[in-house]
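Reviewing the structure listed below.
The values are calculated or read from the model by the stated rules, or taken from the named source; none is laboratory data. Since this is a predicted model, take the numbers as computed values, not measurements. Virtual Cβ from ideal backbone geometry, glycine too; neighbours counted across all protein chains shown. The accessibility values were calculated without ligands, DNA or RNA, using every heavy atom of the protein model including side chains. Shrake-Rupley method; radii C 1.70, N 1.55, O 1.52, S 1.80 Å.
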Amino acid sequence: MQMKQLLLILIPGFFMIIAQPLRGQVFAEEWKEFKSVEGAFRVMAPGEITEKNDTVPTALGELIYHTLFNQTPGIPEGNLIYMVSYCDYPEGAVSSDSTDLLKDFFDATVAAAANSVAGEVVYQARDEVQGFPGRRWRIDYMGGKSTIRTLAFVAGTRYYAIQTVAHLQRNTNVDTEQFFKSFQLLPVKE
C-alpha cells in the first residue's frame, strides 16, 4: 500500500513537463547521442537534452527524480517530447530481483501515470531492457488527442522510464522505437 501512495506522489511531478506549453520551433535534422554519467545511460534524440531534477518528499524519505527531455514541436510527423527519467529508491523499497514486488510496483506506476494526466491505459505488456524486468504501456490523454508511450524498467534499485509524447494521429511513428532501442545502460563508475 505504501508503494502506491509513493508513486502517486512521484508521477504527477514527472508529468509536469508534459503539461507545460510547448514554446518555439525546433527542427531536428539528425539525432545526437546524449550520455548521462550520473544516470549511467546513453540515448539518441533529435536535438539537445535538457535536465530537470525534483526532490520529492515521500514516506521513504526524500527522493531525487531526474528527468532528461527533448521537445521537438516543429516536427509534426514525429514525437513532441522524448524523455528519460530515473529515480534511485532506498534498499528494500524496490529491486529488480523481486518479481512479486515489481508486479505491484508496475501496476501502481501505470495506474498512477494514467491518473495523473486523466488518461486511459490503451495497452500494457511485460518487457525488459538489457535483461532487467520492465513494462511497456501507452496512455491516451487530453481527450484522446495525445498519447504517451512508455518503456520502464528497474535495474537494481533504480527505476528508469523512457517515454515519447505525440499527437494521437502520429502515435505510430517510427521515432518512438528508434528512441527506445537507442537507450543503453552504461557501466556504473564507483
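Numbers at a glance
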{"quantity": "Search result, residues across region 83-92 that are small (G, A, S) and either modelled with pLDDT under 85 or more than 29 Å from V165 (Cα to Cα) (or both)", "calculated": "G92"}
{"quantity": "Hey, T109 touching a strand residue (DSSP E or B) at 6+ places or on another chain (Cβ under 9 Å) and within 25 Å of I49 (Cα to Cα) or not", "calculated": "yes"}
{"quantity": "Residue in region 56-68 that is at positive phi and part of a strand (DSSP E or B) present", "calculated": "yes"}
{"quantity": "Leading residue by the ranking (nearest to S98 (Cα to Cα)) among those in region 113-146 that are touching a Ser or Thr at 6+ places or on another chain (Cβ under 8 Å) and open to solvent by 30 Å² or more (accessible area, probe 1.4 Å)", "calculated": "P133"}
{"quantity": "Which numbered condition T176 fails, given (1) under 26 Å from W31 (Cα atoms); (2) open to solvent by 40 Å² or more (accessible area, probe 1.4 Å)", "calculated": "(2)"}
{"quantity": "Among residues of region 167-189, those that are modelled with pLDDT of 75 or more, in a helix (DSSP H, G or I) and of a type outside the set (S, T, N, Q), counted", "calculated": "6"}
{"quantity": "Residue within region 100-112 that is hydroxyl-bearing (S, T, Y), assigned to a helix (DSSP H, G or I) and open to solvent by less than 80 Å² (accessible area, probe 1.4 Å) present", "calculated": "yes"}
{"quantity": "Looking only at region 80-106, and only at residues there that are over 17 Å from the mean Cα position of the chain (by Cα) and acidic (D, E), the one that is nearest to E51 (Cα to Cα)", "calculated": "E91"}
